[in-house]
Amino acid sequence: MKVKDFLELYRLDSVVQTIADRLKENKAYRLQLKGLTGSLDAVLASAVYTINKQHQLFVLHDREEAAYFYTDLRNLLGDEKEVMLFPTS
């Protein structure tokens, strides 16, 4: 199974569709997801991005968690999508 096919499975999920619809309706919508394990946060973010291609901002607990999330997004979305990591100041 290719990454594109994997993301398509999540893109068709009703929860992902609901999240994408809410974000599309209100561009300043805040969303907090709890209880996600592993790379599920990056998978959901990538699937939502494939539905509506708008900028997204993620605030994570620490630099290590952000680095893992960044790497997962880069792997899921590919190199053609610009994914940025802003360091702490």
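The values are calculated or read from the model by the stated rules, or taken from the named source; none is laboratory data. Nothing here was measured: the structure is a model prediction, and the numbers come from that model. Cβ coordinates were reconstructed from backbone atoms using ideal geometry, including for glycine residues, and neighbour counts include every protein chain displayed. All accessible areas refer to the heavy atoms of the entire protein, side chains included, with ligands and DNA or RNA removed. Shrake-Rupley method; radii C 1.70, N 1.55, O 1.52, S 1.80 Å.
Below is a table of values for the structure above.
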| item | result |
| --- | --- |
| Flag if Leu57 is open to solvent by 70 Å² or more (accessible area, probe 1.4 Å) and out of contact with any Pro (no Cβ under 6 Å at 6 or more places or on another chain) | yes |
| Residues that are aliphatic (A, V, I, L, M) and open to solvent by less than 80 Å² (accessible area, probe 1.4 Å), drawn from the range 1-21 | Val3, Leu7, Val16, Ile19, Ala20 |
| Among (1) in contact (Cβ under 8 Å) with a residue 24 or more places away in the chain; (2) assigned to a loop (DSSP other than H, G, I, E, B); (3) under 15 Å from Ile19 (Cβ atoms); (4) not charged (D, E, K, R), the one test that Phe58 misses | (1) |
| Residue list for the range 1-41, restricted to those being among the acidic types (Asp, Glu) and out of contact with any Leu (no Cβ under 8 Å at 6 or more places or on another chain) | Asp5, Glu8, Asp13, Asp21, Glu25 |
| Criterion violated by Lys24 - all others in (1) in a helix (DSSP H, G or I); (2) open to solvent by less than 90 Å² (accessible area, probe 1.4 Å) satisfied | (2) |
| Tabulated pairs, the range 30-55, first under 18 Å from Leu9 (Cα atoms) and among the β-branched types (Val, Ile, Thr), second modelled with pLDDT of 85 or more and open to solvent by less than 40 Å² (accessible area, probe 1.4 Å), C-beta under 6 angstrom, 6+ apart or interchain | Val48/Ile19; Val48/Ala20; Thr50/Leu7; Ile51/Ala20 |
| Hey, Leu31 open to solvent by 80 Å² or more (accessible area, probe 1.4 Å), in a loop (DSSP other than H, G, I, E, B) and within 22 Å of Tyr68 (Cα to Cα) or not | yes |
| Count - residues of the range 68-89 that are part of a loop (DSSP other than H, G, I, E, B) and either small (Gly, Ala, Ser) or loosely packed, with under 15 Cβ neighbours inside 10 Å (or both) | 11 |
